[in-house]
Every structure is written in structure tokens, then in C-alpha cells.
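In what follows, a structure is listed as C-alpha cells, so that the remarks can point back to it.
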Amino acid sequence: MTTLSASGRLMGFVGVADLDAAHRFYGEVLGLELVDERPFALVADVGGTMLRITAVGEPAAAPYTVLGWAVDDIAATVDELAARGVAFTRYEGMGQDERGVWIAPGGAKIAWFLDPDRNNLSLTELPR
């Protein structure tokens, strides 16, 4: 029997209302190389994983992270994205630093931000 862990490749999906706004945010602000498959989606290869940014009409904003990126240097990545206009989310009682970075009990550093459809996205620097 073939299992997904042995033969399957993970794909990510995020729903958006406006593919033009998504193209600007994911392509220009985040710097993903996008393939246009309109009227249905935009597609990016993100480190070997396919991300489909799918037109869904009215996306339902989840109260949790729907997409995240593992990065080598969260401070530099936050600074770069903030310079491109990304606003990082602050959560009351989380003890985030001046960049909005929270340090998890295991040592991971995490920062959150929203896309134009209020999808919650994150950056994580894993402990070394």
C-alpha cells in the first residue's frame, strides 16, 4: 500500500476574493513567482511545495494561521516585509518584541501578518 508520506507531495491552498490584489500581495510584496491560471487561481512553487491561491468568492477568515514560512533570520525577514508595507499582528498578552516576534516555549520565533483577505500568515525561525 502506498502512503501519502511516501509518495504524496504536499500542496498548500489559500482562498482569496480578488486575484489582482492577491497577485500584488503574494507576487510583489512577498516576492513569490506566480503562474497565472485565471479565472481560477494563481500558483506558486514555494520551496518545492505548490501553493494555489484560489479565487473563492468570499473567503472565510480563519482565527488561526493558514500558511507559514520557515525562515533562517526572522528579524531580517520581518524588517524586509515591513519595508514593503506588511503590518505584523500583535496579540495581547503574548509578550512580542518590537518587531511583533513571539518566542515559543521551545525556542521558535514566530511573527504573524494578514493578507488582503485577512488570511493569517506566519514566519517561523526554528531553534538551531
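If the condition is being closer than 18 Å to Ala55 by Cβ and in contact with a Leu (Cβ under 8 Å, 6 or more places away or on another chain), then region 1-29 contributes Met11, Gly12, Phe13, Val14, Leu19, Ala22, His23, Tyr26, Gly27.
Looking only at residues that are farther than 23 Å from Pro59 by Cβ and of a type outside the set (Phe, Trp, Tyr) in region 102-123, which one is surrounded by the most Cβ atoms within 10 Å (Cβ to Cβ)? Filtering region 102-123 for residues that are farther than 23 Å from Pro59 by Cβ and of a type outside the set (Phe, Trp, Tyr), the one surrounded by the most Cβ atoms within 10 Å (Cβ to Cβ) comes out as Lys109. For Ala75, the conditions (1) in contact with a strand residue (DSSP E or B) (Cβ under 9 Å, 6 or more places away or on another chain); (2) assigned by TED's automatic domain parsing to the domain that holds Leu126; (3) more than 15 Å from Asp117 (Cβ to Cβ); (4) exposed (fewer than 11 other Cβ atoms within 10 Å of the Cβ) all hold with the exception of (4).
So, Arg99, is that one surrounded by 11 or more Cβ atoms within 10 Å (Cβ to Cβ), touching a residue at least 12 places away in the same chain (Cβ under 8 Å), of a type in the set (D, E, K, R) and in a loop (DSSP other than H, G, I, E, B) or not? Explain how you work it out, then say what you get.
Values: surrounded by 11 or more Cβ atoms within 10 Å (Cβ to Cβ): yes; touching a residue at least 12 places away in the same chain (Cβ under 8 Å): yes; of a type in the set (D, E, K, R): yes; in a loop (DSSP other than H, G, I, E, B): yes.
Answer is yes for this residue.
The set of residues in region 76-96 that are farther than 20 Å from Gly47 by Cα, of a type in the set (A, V, I, L, M, F, W, C) and outside any loop (DSSP other than H, G, I, E, B) comprises Ala82, Ala83, Phe88. Kindly evaluate Met11 against the criterion of being of a type in the set (A, V, I, L, M, F, W, C), over 16 Å from Phe113 (Cα atoms) and surrounded by fewer than 12 Cβ atoms within 10 Å (Cβ to Cβ). Criteria met by Met11.
Considering the conditions (1) surrounded by 15 or more Cβ atoms within 10 Å (Cβ to Cβ); (2) at pLDDT 95 or above; (3) assigned to a loop (DSSP other than H, G, I, E, B), Pro59 is excluded by exactly one of them, (2). Among residues of region 36-51 that are outside any strand (DSSP E or B), those with a Cβ under 7 angstrom from a residue that is surrounded by 14 or more Cβ atoms within 10 Å (Cβ to Cβ), sequence gap 6+ or separate chain, pair up as Arg38/Leu19; Pro39/Ala55; Phe40/Thr54; Phe40/Ala55.
Going by what's in this entry, would Gly47 be described as out of contact with any strand residue (DSSP E or B) (no Cβ under 7 Å at 6 or more places or on another chain), surrounded by fewer than 10 Cβ atoms within 10 Å (Cβ to Cβ) and not assigned by TED's automatic domain parsing to the domain that holds Ala111? Considered against the rule, which asks whether it is out of contact with any strand residue (DSSP E or B) (no Cβ under 7 Å at 6 or more places or on another chain), surrounded by fewer than 10 Cβ atoms within 10 Å (Cβ to Cβ) and not assigned by TED's automatic domain parsing to the domain that holds Ala111, Gly47 comes out as yes.
The values are calculated or read from the model by the stated rules, or taken from the named source; none is laboratory data. From a predicted model like this one, the values you see are computed outputs, not experimental measurements. Virtual Cβ from ideal backbone geometry, glycine too; neighbours counted across all protein chains shown.
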